[in-house]
Amino acid sequence: MPATKSLFIVIVGCGRLGSYLANRLSRQGHHVVVVDAHPEAFDTLSPDYSGFRVEGDASEFAVLSQANIDQADMVIVATNNENINVMVGQVARKLLNVPRVVVRIEEPDRRATYEQLGLDTVCPASLVGDEILQGMVQYTLTTMERAPER
């Protein structure tokens, strides 16, 4: 099996989603930098996280520069503020030409607009909702298979 290329990934936001991704990507051998304005957020990184931490407000260009965002193969923006996520995503994609930018959004209805801006989006509410609906369909099909005919 061919070895996968190690990527340089910048993750903005070290909450539940950001730290989960940082830990997983670091374990997979990628070069990861996590940016967060709150130093205690970095406490959620696992002891084996081998990447870098940049403390600062990601809406400030100097902080993004410190994270070497212009060198990133991929940027994942996962703060709890959709406006910051989109703004940082646009800077990465349009100004710095980062090849792949994924932005966490809260409003599923805005997905098409953001994708027109060249941003890939992930909406946790949509993902969870889709999983629940899929589970309901599967449950219904399974229940109907077991139900006696009338």
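No value in this document is a laboratory result; all are computed from the given coordinates. Since we're looking at a predicted model, the values are computed, not measured. Don't worry about glycine lacking a Cβ; one is built from the backbone with ideal geometry, like all the others, and counts go over all protein chains shown.
The simple Förster model, with R0 at 25 Å and r as the Cβ-Cβ distance, assigns Val128 and Asn83 a FRET efficiency of 0.70.
Quote the charge dipole size of the chain about the Cα centre in Debye, to the nearest 20; the model charges only the Cβ of Lys and Arg (+1) and of Asp and Glu (-1).
Values: 13 positive and 19 negative charges, 87 e Å.
Here the chain has a charge dipole of around 420 debye.
Ordering Ala58, Asn23, Val12 by Cα displacement along the dipole of segment 8-123 toward the positive end leaves Asn23 in first place; charges were set at the Cβ atoms of Lys, Arg (+1) and Asp, Glu (-1).
Largest first, the three principal axis extents of the alpha carbons in segment 8-123 are 38, 25, 25 Å in whole numbers. Placing a pseudo-label 7 Å from each Cα along the Cα-to-Cβ vector at His38 and Gln71 gives an inter-label distance of 2.9 nm. Among 51-58, 113-120, sorting by the average number of other beta carbon atoms lying within 10 angstrom of each residue, highest first, gives 51-58, 113-120.
For the pair segment 77-91 / segment 1-62, the C-alpha centres are spaced 16 Å from each other.
Calculated from the alpha-carbon coordinates, segment 44-104 shows an Rg and a Dmax of 11.6, 35 Å respectively.
Relative contact order of the chain: what whole-number percent is it, with Cα pairs under 8 angstrom and at least 6 residues apart? Before the final figure, lay out each step's value.
Details: 248 pairs, mean separation 26.7, N = 150.
Relative contact order of the chain: 18 percent.
Can you show me the helix-derived [θ] at 222 nm for the chain, built from DSSP H runs with n ≥ 4 at -39,500 (n - 2.57) apiece and divided by the number of residues, rounded to the nearest 500.
Value at 222 nm, helices only, nearest 500: -11500 deg cm²/dmol.
Given R₀ = 22 Å, FRET efficiency for Asp48-Tyr20 by Cβ-Cβ distance, to 0.05? Efficiency, from the Cβ-Cβ distance: 0.95.
Taking other residues whose beta carbon is less than 13 angstrom from the beta carbon of Arg104, and scoring Lys, Arg as +1 and Asp, Glu as -1, yields -1.
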